[in-house]
Amino acid sequence: MSPDLSSSKIKQLSLAEAKEIALWQYEHPYSLYNLSEDPEDIDELMDGSYYSVRNLEDKLIGFFCYGQSAQVPAGIREGKYLDHTALDIGLGMKPNLTGRGLGSSFLSVGLEFATGIKEFQRFRLSVAAFNRRATSLYEKTGFKPIDTFTNPYKGENMEFMIMEKKKE
């Protein structure tokens, strides 16, 4: 049984939290999600659309972002996000917590928080198609694949899937 994260705290991401997240390193093949201490990465994390998630012990366990920050550049160029009745979400969990059965509870916390951000009809997320761990979680929590596109990554085209779920 997964630990309950429903009492986790979500708040606007702080600079210290952004710097901590920038140091997180995911193992291959998830390394495409790695950031760096590059000022551009920190600036993106501090753009106002990122929120930290802390557990009951006040430890940083992950983050969510909402809106355009959750969109993939190639998807933007291809017009995949023109339907503004959906709220785009992005998320990341501390690398040493992934694969431990926390995903569903973690995702629920971020979806519940998002309902207070703005009016929308559906949640939408973009995920690398190879990431079966994530796509399986999203499908189990009610997301359905609706489209795909490719995004260049390190000289290759990587397929991404867009998934949606109706707001409850």
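Computed quantities for the displayed model
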| quantity | calculated |
| --- | --- |
| Anisotropy class of the chain from Cα gyration tensor, a/c 1.5 cut | rounded |
| Tail fraction, Cα-Cα pairs, the range 67-143, threshold 16 Å, whole percent | 54 percent |
| Anisotropy class of the range 104-151 from Cα gyration tensor, a/c 1.5 cut | oblate |
| Mean Cα-pair separation over length for the chain, i.e. relative contact order, pairs under 8 Å, 6 or more apart, % | 21 percent |
| For the range 151-160, Karplus couplings with θ = phi - 60° (6.51, -1.76, 1.60), whole Hz, Gly/Pro x | 10, x, 8, 6, x, 10, 8, 9, 7, 10 |
| Share, in percent, of DSSP beta bridges within the range 9-166 that are antiparallel, nearest 5 | 90 percent |
| THR141 paired with GLU159, simple spin-label distance in nm, labels 7 Å along Cα-to-beta-carbon | 2.4 nm |
| Under 5 Å, built H, 5+ apart or other chain: amide partners of TYR50 | LEU13 |
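No value in this document is a laboratory result; all are computed from the given coordinates. Because the structure is predicted, anything quoted here is derived from the model rather than measured. Positions of Cβ are backbone-derived with ideal geometry, glycine not excepted, and every protein chain shown enters the neighbour counts.
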